[in-house]
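Asks: Mind looking over this structure? Questions follow.
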Amino acid sequence: MAGSTPATLITVAPTGAEAEKSAAPALPVTLAELVVTAKECEAAGAAVIHVHIRDDAARPTLDVGRLTDTVTALREGTDLIVQLSTGGAVTDSFARRLAVLDAAPDACSLTCGTVNFGDDVFANPWPFIKDLYQLTQERQVVPEFELFDLGHVATLHRLLDSCGPPAGGHVHCDLVMGVPGGMPGDVATLAAAAAALPPGATWSATGIGRTALPVLFGALGAGGHLRVGMEDTLTYARGRPVARNAELVERAAAAARLAQRPPLGPADARAFLGIPDRAGAC
Ligand code: KMH
Ligand code: ZN
């Protein structure tokens, strides 16, 4: 089943840890804003939500109580697969990033290597990657492998060889392209990264900033899936800020339909990713 669907998995990443609410007023930073966004994005065709949360001052936080409330609220309000970020912000400690799993999400991100991240460094040394992966296996939280560079693909192979298959048994990756310091967001790089993935793995791709559209169309053409959202893109078109996350999902869904690969609903997405139904999870 995994890997055989012609439909398109659409993930929305609505908030991220980097953009400032003052610079992007449409960014969902409160729980109420996040739930409204999630409902709109589900209606538009998203099946997964990649979640970063903010504190009362709209700063990124990994507070476990807030994360737990967020998981609960998103489950009450939507059928979306709730994928918490374990990347957090570049300033978050490894301990806080591991503790994200205490919020018991359906899924989590797991970045497979360190990368320059604009002027900063997003640190993911091998011992941390391994600790986080083993924790996902223990807690049965399905990881999505975030790959910012071709070296991260090699580390994914090393991880699977060293520690065995992930919770749920299926390997799904997200190629994060166009980060200043990571792999470029172009079709040649996308094809090279996709070709280097482990056999049977499926993948989504997202292009940061102005690489959003080349990566989206390249991924659809190459059989990949899509991640869109204000974490990655604040501009809808030249000179036109994103008005709502849902319009990015609507555009992705329209492109997927044009490609004869319509959006996958949350229930089919669970089967595709190896995530148990909520009734089966506690
Ligand atoms: N905010 C970045 C430093 C993830 O969510 O796992 C890391 C990030 C990746 O966004
Ligand atoms: Zn993220």
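Asks: Which percent of the accessible area of segment 45-189 is formed by carbon and sulfur heavy atoms (probe 1.4 angstrom)?
Replies: That fraction is 50 percent.
Asks: So which DSSP H runs in the chain come out at 15 Å plus along the axis (Cα) with average Kyte-Doolittle of at least 0.0?
Replies: Span-like helices here: 31-44, 150-163, 245-258.
Asks: Using the basic label-point model (7 angstrom from Cα toward the beta carbon), what is the GLN137 to VAL90 distance in nanometres?
Replies: 3.2 nm
Asks: Could you please state how large a percent of the accessible area of segment 194-282 is carbon and sulfur, counting protein chains only and using a 1.4 Å probe?
Replies: The C+S portion of the solvent-accessible surface of segment 194-282 is 60 percent.
Asks: Still on this structure, I have one more. Using alpha-carbon pairs under 8 Å, 6+ residues apart, how would you state the relative contact order of the chain in percent?
Replies: Answer for the chain is 24 percent.
Asks: Take the Cα atoms of segment 79-148, find their three principal axes, and give me the spread along each one in whole Å, biggest first.
Replies: 36, 26, 20
Asks: Let me check the size of the chain from its C-alpha atoms; what are the radius of gyration and Dmax in Å?
Replies: Cα radius of gyration and Dmax of the chain are 16.8, 47 Å respectively.
Asks: Can you tally the net charge around THR233? Count Lys and Arg as +1, Asp and Glu as -1, for every other residue whose Cβ sits under 14 Å from the Cβ of THR233.
Replies: Local net charge: +1.
Asks: Just to compare against my own numbers: the Cα pair-distance distribution for segment 174-282, 5 Å bins, whole % per bin, please.
Replies: 2, 11, 21, 21, 20, 13, 7, 3, 1, 0
Asks: How charged is the neighbourhood of GLY65? Take every other residue with its Cβ under 12 Å from the Cβ of GLY65, and add Lys/Arg as +1 and Asp/Glu as -1.
Replies: Surrounding charge for GLY65 is -3.
Asks: Which FRET efficiency value, to the nearest 0.05, is calculated for TRP126 and ARG257 with the Förster distance at 45 angstrom and r the Cβ-Cβ distance?
Replies: Plugging the Cβ-Cβ distance into 1/(1 + (r/R0)^6) gives 0.65.
Asks: So what's the convex hull volume per residue for the Cα atoms of segment 70-229, in Å³?
Replies: Expressed per residue, the convex hull around the Cα atoms of segment 70-229 is 113 Å³.
Asks: Still on this model: What does the charge dipole of segment 14-160 about its Cα centre add up to, to the nearest 20 debye, if the Cβ of each Lys and Arg holds +1 and the Cβ of each Asp and Glu holds -1?
Replies: Computed charge dipole of segment 14-160: roughly 260 debye.
Asks: Another one. Quick check for you: with a 1.4 Å probe and neighbouring chains kept, what is the accessible area per residue of the chain, in Å²?
Replies: 40 Å²
Asks: Calculated FRET efficiency, ALA267 and ARG238, Cβ-Cβ r, R0 35 Å, to nearest 0.05?
Replies: Efficiency, rounded to the nearest 0.05: 0.40.
Asks: What is the spread of the Cα atoms of segment 38-165 along each of their three principal axes, largest first, in whole Å?
Replies: Result, largest extent first: 38, 32, 27 Å.
The values are calculated or read from the model by the stated rules, or taken from the named source; none is laboratory data. None of the values given here were measured: they were computed from a predicted structure. As a convention, Cβ positions derive from the backbone with ideal geometry for all residues, glycine included, and neighbour counts pool all protein chains shown. Side chains are part of the model used for accessible areas, which takes the heavy atoms of the whole protein and leaves out ligands, DNA and RNA. Shrake-Rupley method; radii C 1.70, N 1.55, O 1.52, S 1.80 Å.
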